[in-house]
1. Those residues that are open to solvent by 40 Å² or more (accessible area, probe 1.4 Å) and under 30 Å from the mean Cα position of the chain (by Cα), I need them from region 197-213; list them, please.
2. Going by what's in this entry, would V459 be described as touching a residue at least 40 places away in the same chain (Cβ under 8 Å), open to solvent by less than 10 Å² (accessible area, probe 1.4 Å) and part of a helix (DSSP H, G or I)?
3. Which number in (1) open to solvent by 20 Å² or more (accessible area, probe 1.4 Å); (2) touching a Lys or Arg at 6+ places or on another chain (Cβ under 7 Å); (3) at pLDDT 95 or above marks the one condition that N90 misses?
4. Given (1) of a type outside the set (S, T, N, Q); (2) over 20 Å from G454 (Cβ atoms); (3) under 21 Å from the mean Cα position of the chain (by Cα), identify the lone condition not met by G381.
5. So how many residues does region 172-196 have that are open to solvent by 10 Å² or more (accessible area, probe 1.4 Å) and among the aliphatic types (A, V, I, L, M)?
6. What are the residues in region 469-497 that are closer than 20 Å to L346 by Cα and touching a helix residue (DSSP H, G or I) at 6+ places or on another chain (Cβ under 7 Å), if any?
7. Can you run down the residue pairs with Cβ atoms below 6 Å, 6 or more apart or on separate chains, where the first is in region 319-340 and without any contact (Cβ under 8 Å) to a residue 40 or more places away in the chain and the partner is of a type outside the set (A, V, I, L, M) and crowded, with 24+ Cβ neighbours inside 10 Å?
8. Give region 93-151 a look and list any residue that's in contact (Cβ under 8 Å) with a residue 24 or more places away in the chain, among the acidic types (D, E) and in a helix (DSSP H, G or I), or say none.
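The values are calculated or read from the model by the stated rules, or taken from the named source; none is laboratory data. Since the structure is predicted, the reported quantities are computational estimates derived from the model, not experimental observations. Reconstructed Cβ throughout: ideal geometry from the backbone, glycine too, with neighbour counts over all protein chains shown. Keep in mind that these areas ignore ligands, DNA and RNA; they rest on the heavy atoms of the full protein, side chains included. Shrake-Rupley method; radii C 1.70, N 1.55, O 1.52, S 1.80 Å.
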Amino acid sequence: MNAHQDQGRGRPDHRDRRDHGDRRDDRREGRHGAGRDAKGRERSGSRGRGGPRRGWSQERPSERRRSTTSSRTVAYDALRAVHEDDAYANLTLPHQLRRARLHGRDAAFTTELFYGTLRAQGRLDAILALCIDRPLDDVEEAVRDVLRLGAYQLLDMGVAPHAATSETVALARSRVGAGAASFVNAVLRRVGEKDLPTWVAEAAPDREQDEIGHLAVAHSHPAWMVRALSDALAAHGRDRSEIDDLLAAQNAAPSVSLVMRPGLTDPEELAAAGAEPGRLSVFAASWPGGDPGGAEPVAEGRAAVQDEGSQLMALALGLGADDLLEGPDHHWLDLCSGPGGKTALLAGLALERDADLLAIELQPHRVDLVRRAIATLVEAGAETGVREGDGTRIGAEMPGRFSRVLADVPCTGMGALRRRPESRWRRSPGDVGAMGRTQRDLLSSALDAAGPGGVIAYVTCSPHVAETLLVVKDVLRRRDDVEQLDARPAVRAGLLPEALEGTELGEGPSVQLWPHVHGTDAMFLALLRRLPETSESAQSPEPA
């Protein structure tokens with residue numbers, strides 16, 4: 001019998017438990033536990049989360065017990081914020097850690113548990129489904145999150161089974177209720193009966209019969225993403241056999257990379273603050289672990305957190321385009337600037353070249369992020385303006401004005417799944433098509449905004465063929481005033497000397513970076529140039 005069909009008798013049944021005796025606990029304590037509202041938040045006047053609750057020992061717990069319980073509670077609250085409130089993982093966890101005042105080993109444990117559970121969610125759900133006598137979707141969502149956290153500790157983190165189970169049961173009791181605690185206890189005991197490879201062998205389809213389905217479970221990605229990433233490898237000149245390495249790399253916790261704002265800090269100052277040398281970008285440094293926000297250069301806005309792949313995309317335009325331009329170089333444009341990391345790098349480089357930079361952003365809250373990102377550079381003299389606006393219209397409003405244009409377009413984010421693991425569970429194949437028109441319109445607008453001989457960088461944080469190669473091909477097909485340039489020399493301009501020889505950049509003319517090859521997000525870059533001789537005969541973009 002197929003593992004997906006075997007529902008087995010005698011498995012824990014959460015619905016039956018909740019429908020009967022445990023309703024008494026719900027009425028006494030409230031569905032989400034004593035002193036909490038419907039979303040699991042503490043009500044004013046209620047006990048702190050460390051206080052005793054019904055069914056808990058009244059004895060003072062050890063310091064280690066209080067610490068680990070708090071770590072799991074913070075991970076749970078962050079997970080609920082992602083699933084219930086559509087919060088971004090990279091924004092909600094730091095907030096939760098600060099609120100709980102977790103540091104050091106406890107913060108590291110919480111971070112691994114939270115991000116690891118999000119990355120492994122698909123695989124964990126497939127395993128949990130084999131341990132429950134009903135569809136997993138029928139289990140209350142809050143309880144599913146508790147189960148995922150417990151299963152991840154058992155299968156992936158090497159936490160002692162008794163500790164993982166007992167602490168997760170205590171978490172269920174405090175956050176969801178006594179009935180949920182009994183259910184969680186029964187399910188996790190089933191999970192703990194086998195190790196991860198055994199469970200994957202049971203939960204995943206046979207690879208020879210269904211390779212995509214097998215990889216989806218084994219590497220915890222939606223099946224449609226596995227197929228799209230395999231196609232992307234082939235389209236960008238790599239071998240499909242790399243798919244295991246790519247998926248595994250997207251499940252690995254990324255290192256923290258810092259970017260030095262041009263002219264505001266240097267490697268020596270960052271080294272004194274605790275940073276290590278970067279691997280690829282001439283403006284990069286590596287942070288060994290923990291939150292770099294307390295480092296003086298970061299706190300003062302002279303450095304910031306930014307993936308090295310993202311840095312290289314901005315540097316390809318800000319440094320690498322120096323030898324590609326034909327004509328004056330006074331005005332630069334960032335067409336989709338939020339949240340402002342690439343904008344700040346360009347602002348510093350523009351300042352060094354006596355050029356000004358205009359940053360456009362559609363969303364008001366992201367406009368504020370851009371302004372904060374460039375504030376220190378503006379104080380240093382960078383002529384950078386930030387404007388709320390629609391990037392698809394700038395080409396018509398300001399035609400032919402700019403010598404360098406960055407079109408870092410909205411995309412599915414399939415290249416940043418390491419640091420934004422929730423994206424893989426929120427996206428659908430329909431999102432790719434829905435974004436296609438906007439991506440084409442933005443690239444067309446960027447081309448119109450560029451002056452004769454101006455250089456345009458089309459950038460996505462996705463390797464998906466429909467967001468990269470096909471967009472560029474489609475837009476170029478409709479115009480006779482644009483040429484595509486070889487982006488590889490421009491990317492090399494931003495590489496450290498020691499990284500020049502060993503960094504693979506493909507066969508060109510575009511560049512696709514990969515987590516499993518370059519250790520960066522999967523950033524895509526195409527460089528285009530307006531032809532001076534046909535600049536006045538550009539065709540209007542046709543509907544996509």
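1. P197, T198, A201, E202, D206, R207, D210, E211
2. no
3. The single condition N90 does not satisfy is (3).
4. Of the numbered conditions (1) of a type outside the set (S, T, N, Q); (2) over 20 Å from G454 (Cβ atoms); (3) under 21 Å from the mean Cα position of the chain (by Cα), the odd one out for G381 is (3).
5. Going through region 172-196 one residue at a time, the tally reaches 3.
6. Those that are closer than 20 Å to L346 by Cα and touching a helix residue (DSSP H, G or I) at 6+ places or on another chain (Cβ under 7 Å): A487, P489, A490, V491, A493, G494.
7. G338/E361
8. D106, E112, D138, E141, D145
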